[in-house]
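What follows is calculated from the coordinates using simple rules that are stated; it is not laboratory data. These numbers come from a predicted model, not from an experiment. A quick note on method: Cβ atoms are made from the backbone with ideal geometry, for glycine too, and the neighbour counts reach across all protein chains shown.
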Amino acid sequence: MPYLDYAASAPLRPEALAAMLPLLERPAANPSSQHTQGRAARAAVETAREQVAALVGADPGEVVFTSGGTEADNLAVKGTVLARAPEARHLVCSAVEHHAVLDAAAWAQADAGAQVDLAPVDNLGRVELDRLAALLQPGRTALVAVMAANNEVGTGQPVAAVAELAHAAGAVLLCDAVQAAGLPGVDMAADGIHLLALASHKLGGPTGVGALVVRPGTSLRPLVHGGGQERGLRSGTLPAAALAGFGAAAAAALTDRRAGAATTLATLRSRLLTGLRTLVPDLDVNGDPGLPGLLSVRFPGRRAEDLLLLLDRYGVACSAGSACASGAVTPSHVLVAMGRDPAEARETVRFSLGHASTEADVDAAVAAVAKALAVLATAEGRTGSPAAQGVGR
Amino acid sequence: MSGGVDSSVTAALAVEAGWDVTGVHLKLADTPGHLQVQGKGCCTLADADDARRVAGTLAIPFYVWDMAEDFQRAVVDDFAAEYAGGRTPNPCARCNEQVKVVGLLARARALGFDALATGHYARVEDGRLYRGADAAKDQSYVLYMLGPDELRHLRLPLGRLTKPEVRATAARLGLRTAAKPESYDVCFVPDGDTAGWLERRFGARPGQVVDTAGRVLGHHRGAYRYTVGQRRGLGIAAPTPRYVLRVEPAAGRVVVGERADLAITTVELERTTTTDGRPLGPRHARVRLRAHGTEIGCRVVPLEDPTPGAPAHPHGAATRPNRTRVRLELDEPSDAVAPGQAGVLYDGDLVLGGGTVSASHA
């Protein structure tokens, strides 16, 4: 069954499963315990920590394990705000950040006296550096949030350039690398990043764990208190098996990167785009290919909801914009920030490839899209009116 | 699949009948607050979850479709506009006509599906629409606007069942919605407080309560709060009860009279449609003029349309009759016929069709 929704979640890598199983099969032990079994669990956690750090050019001691990318973003935003004096809680976020960043910032504005400014993006979804710079208030801006690459359209951001601007204003840079840590990759030290958010399942590790990588000297208040784990920044028993999976996935992702996986993915993406363009000559591509495996396209005159239903029926998994809490497709704030109107946003489908994707997956997806479009065209022919026409108009 | 027991059982019966079933939940509200409230309203987040869980139990695909914009425009805004115009709307009929049945069926057919199944208590047989077996739950009144093309592609598995039978079926199938309470009120008006909802929408628009001679008897907070036949909330002292005869929104006036003044012997319907797609000819029928009203015998007199040939139905299929105004001469007087309500015509259990009340006369 062709799976083209890596941006939502990547299938568990065999290396990750292999790393997890021994820890699941033998008697569980708390990595904080002082006995032999505890130390063994702890060792597995520390191996994972090294593997995650290596992926992003950081020191293992900088890695704070969390329950996932969302928690990492929340810790970064709220933890920074709470560590700052009330008059110095200004936040600047790109308009295309994930809701884990935007909503955490909104909370900080509503409940913690912060002020939030959104840095606009161009029609490809790239942050406009001069407009971002104009928003910075030296001495008052606490944090600038710009993701490495966008999860909906794939566009890569000029992180190193933003880091310089943030430094100059005395602000901390949060880079949400949840989508980009594997490919194209991110180097914390080289890019001047203070806080980096990661998610295990996007790399092919298990869901339920992630990390915030914290450059030394960055002030952060913890959100979760308790046993003092992770240097007091994130209490809670460390899930050794899941973290072992995370670490193994990170190591595999690094290996893939060095072996040129980006090129392989770009080739597959190209094949997909060519196939789709043959079916739909006026297909509209969103964003730039910062994430080599991600393709966001608009099918003019077709509802994404309709395509998704049919593609699911044919066994092809992909996605459309963002899902809201009830599961309906909502017009993406990312597309709107890029200047698309909500109607266009509702015609957008996202295909995303990854570590196990093959040419066969791509070809099957194109065939399924062809079939779906044929069904919709047949119905149109029957009723004499476009199927995408709204109700009651 | 709204998340209620009726649509849950509908899905189950459709699967039992051997059909290739896909479940769809309609997201009709946009406000986060509405999405979080559980209880009397319909189609909250919790309802979507209930529907999804039932779909999972039945092993059918399940999707949530966002029709909030269409619903807002076609149902909610229309509801407010009708009250503002001195009429009493029928939002459930409007929803079926624009969103839930006609609209959804069109989308389903566009996706290659053959039919739409809903949990309405009514029956479709041989392409005709009939009352449901459970007289207390019969919902044929809100489906009157369907034509032959729609009825051919509509399945109503609950039509022959009573509500208790439906709940029993749900329990037998182990559906978690078996004991879920009903949602009774207009789904987008929390706690059934229509007057409050309208006041929040329009603001207070005070005016006069007058009698048929124009004498001022009292004052009101907004003409939109009143419907024909209403007795409560008039705020006037009178020797005998007074009832709303009509609402005049332009003047902000509510005209009241005695009980006897309410009696209506002729009703005009506009935008009339028939379930068999043929123009209504002169005949006798029974008419229901309110959702839970009693039926009255009447003579149906078709009238000429001001613009002959215009499509009678919003979806404008060529086969719609163009004589869409009818006069109903009632066999016995009816009380309180509110403009804007649906007048639905029956021949025994068969639904002939219906239209919107545009005028009524003593």
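Cα axis of helix A:99-111 to longest principal axis of chain A: angle in degrees, 0 to 90, nearest 10?
Taking Cα atoms only, the helix is inclined about 60 degrees.
Quick check on the exposure proxy: order B:209, B:351 from fewest to most C-beta atoms within 10 angstrom.
On the way: B:209 21, B:351 27.
Sorted ascending by nearby Cβ count, the order is B:209, B:351.
For A:316, A:77, what's the fewest-to-most ordering of other Cβ within 10 Å of each Cβ?
Numbers: A:316 25, A:77 32.
Least crowded to most crowded, the residues run A:316, A:77.
Mark the label point 7 Å from the Cα of residue B:179 along Cα→Cβ and return the residues of segment B:1-29 whose backbone N is within less than 16 Å of it.
B:5
Could you name the lysines in cross-link range of residue A:78, using Cα to Cα under 24 Å and dropping any fewer than eight places away on the same chain?
Cα-Cα hits under 24 Å: A:202.
Have a look at B:227, B:356, B:252 and report the one farthest towards the positive end of the charge dipole of chain B, computed about the Cα centre with Cβ charges (Lys/Arg +1, Asp/Glu -1).
B:252
Positive end of the dipole of the protein assembly as shown, charges at C-beta (+1 Lys, Arg; -1 Asp, Glu), about the Cα centre: which of A:336, A:311, B:334 has its Cα farthest in that direction?
Result: B:334.
Sticking with the crude label model, points 7 Å out along Cα→Cβ, report the distance from residue B:329 to residue A:257 in nm, one decimal please.
Those two pseudo-labels are separated by 8.7 nm.
Springs between alpha-carbon pairs under 10 angstrom, Gaussian network model over chain B: which of B:213, B:135, B:81 fluctuates most?
B:213
Suppose every K and R has +1 on its Cβ and every D and E has -1 on its Cβ; what is the size of the dipole of the protein assembly as shown about the Cα centre, in Debye to the nearest 20?
1220 debye
Rounded, prolate or oblate: pick one for segment A:179-229, where a ≥ b ≥ c are the square roots of the eigenvalues of its C-alpha gyration tensor, a/c under 1.5 means rounded, and failing that, prolate if a/b is larger than b/c, else oblate.
Numbers: a/c = 3.47, a/b = 1.16, b/c = 2.98.
Oblate, since a/c reaches 1.5 and b/c is not below a/b.
First measure r as the distance between the Cβ atoms of residue A:380 and residue B:80, then evaluate 1/(1 + (r/R0)^6) with R0 = 45 Å and state the FRET efficiency to the nearest 0.05.
On the way: r = 34 Å, r/R0 = 0.75.
Plugging the Cβ-Cβ distance into 1/(1 + (r/R0)^6) gives 0.85.
For B:60-68, what's the mean count of beta carbons from other chains sitting within 10 Å of each residue's beta carbon?
Values: counts 0, 3, 2, 8, 8, 7, 10, 4, 2.
Rounded to a whole number, the mean comes out at 5.
Would you mind computing, in nm to one decimal, how far apart the modelled labels at residue B:46 and residue A:18 are, each placed 7 Å from Cα along Cα→Cβ?
Each label point lies 7 Å from its Cα, and together they span 4.8 nm.
If R₀ is 51 angstrom, what is the calculated FRET efficiency for the pair residue A:359 and residue A:231, using the beta carbon separation as r and rounding to 0.05?
Numbers: r = 46 Å, r/R0 = 0.90.
The computed FRET efficiency comes out at 0.65.
Shielding of B:101-114 by partners, i.e. mean partner chain Cβ atoms within 10 Å per residue?
Numbers: counts 0, 2, 3, 1, 0, 7, 8, 2, 4, 15, 12, 10, 3, 0.
Per residue, the number of nearby Cβ atoms from other chains is 5 on average.
Could you give the nm distance between label points at residue A:115 and residue B:361, where each point is 7 Å from its Cα heading toward the beta carbon?
Each label point lies 7 Å from its Cα, and together they span 6.8 nm.
Along the positive direction of the dipole of the protein assembly as shown (beta-carbon charges: Lys, Arg +1; Asp, Glu -1; about the Cα centre), which of A:150, A:138, B:213 reaches farthest?
My answer, from the dipole projection, is B:213.
If you take the alpha carbon radius of gyration of segment A:46-114 and divide it by 2.2 N^0.38 Å, what ratio comes out, to two decimals?
Numbers: Rg = 14.1 Å, N = 69, 2.2 N^0.38 = 11.0 Å.
Rg over 2.2 N^0.38 Å, computed on Cα atoms: 1.28.
Evaluate the Kirkwood expression for the hydrodynamic radius of segment A:261-383, namely the inverse of the mean inverse distance over all pairs of different C-alpha atoms, and round to one decimal in Å. Write out the running numbers ahead of the final one.
Numbers: mean 1/r = 0.0674 Å⁻¹.
Value: 14.8 Å, from the Cα pair sum.
If you bin the C-alpha pair distances of the protein assembly as shown every 20 Å from 0, what whole percents do you get?
Taking every Cα pair in the protein assembly as shown, the percentages come to 15, 39, 30, 15, 2.
Any idea what the dipole of chain A comes to, in debye rounded to 20, about its Cα centre with Lys/Arg Cβ at +1 and Asp/Glu Cβ at -1? Kindly include the intermediate steps, with their values, before the conclusion.
Values: 31 positive and 37 negative charges, 101 e Å.
Charge dipole, chain A, about its Cα centre: 480 debye, nearest 20.
Which value, in Å to one decimal place, does the Kirkwood hydrodynamic radius take for segment A:196-301 when every pair of different Cα atoms is included? Could you put the intermediate results ahead of the total?
Numbers: mean 1/r = 0.0586 Å⁻¹.
Answer for segment A:196-301: a Kirkwood hydrodynamic radius of 17.1 Å.
Using the alpha-carbon atoms, what tilt in degrees (0 to 90, nearest 10) does helix B:45-58 show relative to the longest principal axis of chain B?
Between the helix axis and the principal axis of chain B, the angle is about 40 degrees.
Arrange the following residues from fewest to most other Cβ atoms within 10 Å of their Cβ: A:50, A:62.
On the way: A:50 15, A:62 22.
Fewest-to-most ranking of A:50, A:62: A:50, A:62.
Return an integer: the convex hull volume of the alpha-carbon atoms of segment A:1-81, in Å³ per residue. Mind dumping the intermediate values first?
Numbers: hull volume 11.5 nm³, N = 81.
Spread over its residues, the Cα hull of segment A:1-81 gives 142 Å³ apiece.
Expressed as an acute angle from 0 to 90° and rounded to the nearest 10, what is the orientation of the C-alpha long axis of helix A:240-258 relative to the principal long axis of chain A?
60 degrees
Note down the net charge around residue A:286, summing +1 for each Lys or Arg and -1 for each Asp or Glu among other residues with Cβ under 10 Å from its Cβ.
On the way: positive: A:298, A:340, A:350; negative: A:152, A:284, A:288, A:344.
For residues surrounding residue A:286, the net value is -1.
Treat segment B:204-261 as a sphere of radius equal to its Kirkwood radius over Cα pairs and apply Stokes-Einstein at 10 °C in a medium of 1.306 mPa s; give the translational diffusion coefficient in µm²/s, rounded to a whole number.
Numbers: Rh = 10.9 Å.
This corresponds to a translational diffusion coefficient of 145 µm²/s.
How large is log10 of I(q)/I(0) for chain B at q = 0.07, 0.10, 0.11, 0.15 Å⁻¹ when the intensity is taken from the Debye formula with one equal scatterer per alpha-carbon?
Taking Cα atoms of chain B as identical point scatterers yields -0.32, -0.66, -0.80, -1.36.
Two-decimal Rg/Rh of segment A:14-256 from alpha-carbon positions, Kirkwood Rh? Please list the in-between numbers first.
Details: Rg = 17.7 Å, Rh = 17.9 Å.
Looking at segment A:14-256, the ratio lands at 0.99.
Give me the dipole magnitude in Debye, nearest 20, for segment A:261-383 about the Cα centre, with unit charges on the beta carbon: positive for Lys and Arg, negative for Asp and Glu. Present the calculation step by step, with values, prior to reporting the outcome.
Numbers: 12 positive and 13 negative charges, 20 e Å.
That gives segment A:261-383 a dipole magnitude of about 100 debye.
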